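**Q** Sharing a structure here in C-alpha cells format.
What follows draws every value from the coordinates through simple rules; no lab data is involved. All of these numbers come straight from a predicted model, not from anything done at the bench. So basically every Cβ, Gly included, is an ideal-geometry build from the backbone, and we count neighbours across all protein chains shown.
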C-alpha cells in the first residue's frame, strides 16, 4: 500500500464522514441559532430551553436523511471491500 493510496483512502473517508454528519449538524445548528434569536428577542434566558427543539431537529434530520446516509455509507463500504485486494499490495 503506497502513501498515495493511504492519502486517497483517508480523503475519501473524511469526505464520506462529512457528508453523513453534515445534515444532522446543520439541523442542530439552525435550530440552535433560531432558538437563541428567539431567546434574545424575548429576553428569556433559560439555558435548558434550547435542548428539546435541538433534539427534535436532530432526530427529524436522522429520520429524513437516514436512508440517504445509509446508502452513502453502504456504497462506500462496498467500494472499499471490492478494492481490498488492491490495498493489500
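**Q** Peptides 78-84, 67-73: what's the order by average Cβ count within 10 Å, highest mean first?
**A** Order by mean packing, descending: 67-73, 78-84.
**Q** Can you list the residues of the range 58-88 with backbone N under 18 Å from a point 7 Å past the Cα of residue 15, pointing along Cα to Cβ?
**A** Counting backbone N atoms under 18 Å from the label point, the list is 69-84, 87.
**Q** Tell me, in nm to one decimal, what length is gained between residue 37 and residue 72 on full extension, where the rule is 0.36 nm per residue of separation less the Cα-Cα distance?
**A** 9.2 nm
**Q** How long is the gain from residue 58 to residue 30 if the chain were fully straight, where each residue apart is worth 0.36 nm and the alpha carbon distance is subtracted? Don't skip to the end; give the middle numbers.
**A** Numbers: separation 28, 0.36 × 28 = 10.08 nm, distance 1.04 nm.
Residue separation times 0.36 nm, minus the Cα-Cα distance, leaves 9.0 nm.
**Q** Based solely on its DSSP helices, what 222 nm [θ] is calculated for the chain when runs of n ≥ 4 H residues each add -39,500 (n - 2.57) and the sum is averaged over all residues, nearest 500 deg cm²/dmol?
**A** -30500 deg cm²/dmol
**Q** While we're looking at this one, here's another question. Apply the Kirkwood formula to the range 3-54: the hydrodynamic radius equals the inverse of the mean of 1/r over all pairs of different alpha-carbon atoms; give it in Å with one decimal. Show your work: numbers first, answer last.
**A** Numbers: mean 1/r = 0.0750 Å⁻¹.
Computed over the range 3-54, the radius equals 13.3 Å.
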